[in-house]
1. How about the stretch 18-41: which of its residues are more than 12 Å from Asn130 (Cα to Cα) and either of a type in the set (Asp, Glu) or exposed (fewer than 12 other Cβ atoms within 10 Å of the Cβ) (or both)?
2. Looking at the stretch 46-55, which of its residues are open to solvent by 60 Å² or more (accessible area, probe 1.4 Å) and not β-branched (Val, Ile, Thr)?
3. Specify which of the listed residues (Asp141, Asp88) is out of contact with any strand residue (DSSP E or B) (no Cβ under 6 Å at 6 or more places or on another chain), at pLDDT below 95 and either under 18 Å from Val29 (Cα atoms) or of a type in the set (S, T, N, Q) (or both).
4. Looking at this structure, is Tyr73 closer than 16 Å to Trp32 by Cα, in contact with a strand residue (DSSP E or B) (Cβ under 8 Å, 6 or more places away or on another chain) and of a type outside the set (Gly, Ala, Ser)?
Amino acid sequence: MTPQKIKAATSVPMAPRRAWDLYTTPDAVTRWNFATDAWHCPSASIDLKIGGVHNARMEAKDGSVGFDFEGVYTEIEAPHSLTLTLADGRKARTTFTPSSGGTVVETIFDADAENSADMQQAGWQAILDNYRKYAEQVITD
């Protein structure tokens, strides 16, 4: 059975190259890659090449729970798109599309079978919303 596709998107006020850099630089990823303020991303490693591994450690700030979000890059067209094949075989493709206000960043991913589609969409959307907030902060600093 083909997994359901879920979309999350945001817009950032910068060119695709800068948006790409904030999305693919480990130090930047640790600053935005979490869905709520109760979580954080204490470490990230990104080997940005076909077959390279993406790993982001996601943890509750109180230390009660955490997991490694990991995948392998199967498509990279900088600064336009990248695809990760996640550890469980699902795919997540992120695109960076120029727009009048900067860049639209959109991720379309395969739903997992454990959580509701609405919950998954809300979680990925919250992470992209944090990415947007971080991008907006970077341009004002």
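The values are calculated or read from the model by the stated rules, or taken from the named source; none is laboratory data. Bear in mind the structure is a predicted one, so any value in this text is a computation, not a measurement. Note: ideal-geometry Cβ built from the backbone for every residue, glycine included; neighbour counts use all protein chains shown. We work out accessible area using only protein heavy atoms, side chains counted, and drop any ligands, DNA or RNA first. Shrake-Rupley method; radii C 1.70, N 1.55, O 1.52, S 1.80 Å.
1. Result: Asp21, Asp27, Ala38.
2. Quick first cut of the stretch 46-55, residues open to solvent by 60 Å² or more (accessible area, probe 1.4 Å) only: 47-50, 53.
Within the stretch 46-55, Asp47, Leu48, Lys49 qualify.
3. Asp141
4. Answer is no for this residue.
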